[in-house]
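To keep things clear, I will list the structure first and then write my remarks on it.
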Amino acid sequence: MVRFENVSKVYPDGTKAVQKLNLHIERGEFVCLIGPSGCGKTTTMKMINRLHEPTSGKIYVDGRDISTVNPVELRRNIGYVIQQVGLFPHLTIAQNIELVPRLLGWDRARRAARVDELLAMVGLDPATYRDRYPRELSGGQQQRVGVLRALAAEPDLILMDEPFGALDPITREALQDELKRLQAKLKKTVVFVTHDMDEALKLADRIVVMKDGLIHQVASPEELLRNPKDEFVAQFIGRDRMVASAESLTVADVMIRNPVSARPEFGLAEAVATMRKRRVNSVLVVDEDDRLLGIVTARAIERGMAQHRTLGEIMETRLTTVAPHQPVTHAVQRMLLERLEFLPVVDEMGRLQGLVTNTSLVGTLFRTERAEGVSA
Ligand SMILES: Nc1ncnc2c1ncn2[C@@H]1O[C@H](COP(=O)(O)OP(=O)(O)O)[C@@H](O)[C@H]1O
Ligand SMILES: [Mg+2]
């Protein structure tokens, strides 16, 4: 949908705002450009609708080299939302929203229907709001109208430059939720500039992390959290996101995949020898189809040696288990609440898949932490 090829922008005063940018934004994708102030986000965005021209390189929208497209025509097919809403104060809400449809020559009835449809979509009662003036609306309501105006003529591409930056945190979150909902429904291609990582993580399909006019990493939110490519990205993601990352992990990510297991008829003495050799203090008892039957700890064997001979006789069969796809936070809760040292992982058939232990958990979380540059 949008392709940057070796795009650079040097302002007349010599500022290198964007350097050799290469980026391909797919149709229907929600891409966030993020980075510290002055890193070139706005410049990058404004080159897409030709509010700025690249110094070198090419930009394609829908396969067309935009330097060959009339800027006014180009902008009619691209929605644009900025932080300072930019509603015209002397026009009503309806007149503001239908600006582009009017330019495109839509007739009065079609415009009116579109205005009402859009207002209803974001929970603003059309009868109440269509004839009001911007100053009669709250900041959050005005910004909603700003978004609607960008959507009005059904552009395929929408550019949003820190659209919620000036709003209070609660209104901001509400509008993010709304935008996410709209996007799920409308599947527009959105290029969204922000300097707020939480906002980017919440909204984006892909995040483009920029610094000093250069792209440092392009990745999905999950990928970014797990594998920040360099120290700058790690720092930018921030120190407080370990929990967010832990939440994105599943049991399968943290479990030991080949825990020590044995059949119920296995002898206790042999079991002790195996556990010593593998340096573990428990063994999982499984049947011939690898279905989990119970667990035996070294302590249980010590206590049972005198009277019993096999694992099957002394195994603990009341087991709490988890599934591989469950979030790791679920496993942690079970272990804490039930004071478990071990949490076997089984699939839907009850077959043993792995084992979560305190050690495996700590190991993984530590790796996560390091990856995010927290403990560096
Ligand atoms: N019109 C301009 N003339 C000269 N320099 C500019 C202009 N607009 C932006 N810059 C400079 O280009 C760099 C990138 O700016 P910008 O794209 O606005 O960054 P961001 O949106 O990430 O804050 C900054 O150093 C900024 O000062
Ligand atoms: Mg900017």
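The values are calculated or read from the model by the stated rules, or taken from the named source; none is laboratory data. Bear in mind the structure is a predicted one, so any value in this text is a computation, not a measurement. Note that we place each Cβ from the backbone using ideal geometry, even for glycine, and neighbour counts take in every protein chain shown. Note: accessible area is taken over every heavy atom of the protein model, side chains too, but ligands, DNA and RNA are not part of it. Shrake-Rupley method; radii C 1.70, N 1.55, O 1.52, S 1.80 Å.
Laid out as a table, the results:
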| read-out | value |
| --- | --- |
| Taking the range 1-137 and dividing mean pair separation by its residue count, relative contact order in percent (alpha carbons under 8 Å, at least six apart) | 20 percent |
| Gaussian network model of the chain, Cα within-10 Å springs - most flexible of Ala271, Ala252, Ala152 | Ala271 |
| Cα-based Rg / Dmax (Å) for the chain | 28.7, 93 |
| Relative contact order [Cα under 8 Å, 6+ residues apart], the range 214-331, whole percent | 28 percent |
| Candidates Asp177, Asp116, Asp13: whichever shows maximal mean-square fluctuation once the chain is modelled as a Gaussian network with Cα springs under 10 Å | Asp13 |
| Percent RCO, i.e. relative contact order, over the chain, from Cα pairs under 8 Å lying at least 6 residues apart | 16 percent |
| Nonlocal amide H pairs with Val285, under 5 Å, H built at 1.01 Å | Ala262, Leu293, Gly294, Ile295, Val296 |
| Debye log10 I(q)/I(0) at q = 0.10, 0.14, 0.17 Å⁻¹ for the range 252-366, Cα point scatterers | -0.28, -0.55, -0.80 |
| Cα-centre dipole for the range 21-112 with unit charges at Cβ (Lys and Arg positive, Asp and Glu negative), debye to 20 | 220 debye |
| Per residue accessible area of the chain, 1.4 Å probe, in Å² | 51 Å² |
| Too-long pairs where the Cα-Cα distance tops 18 Å, listed order kept, from Lys16/Lys211; Lys180/Lys202; Lys20/Lys41; Lys41/Lys187; Lys9/Lys46 | Lys41/Lys187 |
| Table column - 3J(HN,Hα) (Hz), the range 210-215, Karplus curve with 6.51, -1.76, 1.60, x for Gly and Pro | 10, 8, 6, x, 10, 7 |
| Fluctuation leader among Val322, Val122, Val283 - the chain, Gaussian network, Cα springs under 10 angstrom | Val283 |
| The range 144-290 - percent of accessible surface contributed by carbon and sulfur, probe 1.4 Å | 49 percent |
| Per DSSP, loop trypsin sites (Lys or Arg not before Pro) in the range 154-245 with at most 13 further Cβ within 10 Å | Lys187 |
| Filtered chymotrypsin sites (Phe, Trp or Tyr not before Pro), the range 72-155: DSSP coil and at most 11 other beta carbons within 10 Å | none |
| Assigned charges on the beta-carbon of Lys, Arg, Asp, Glu; the chain dipole about Cα centre (debye) | 540 debye |
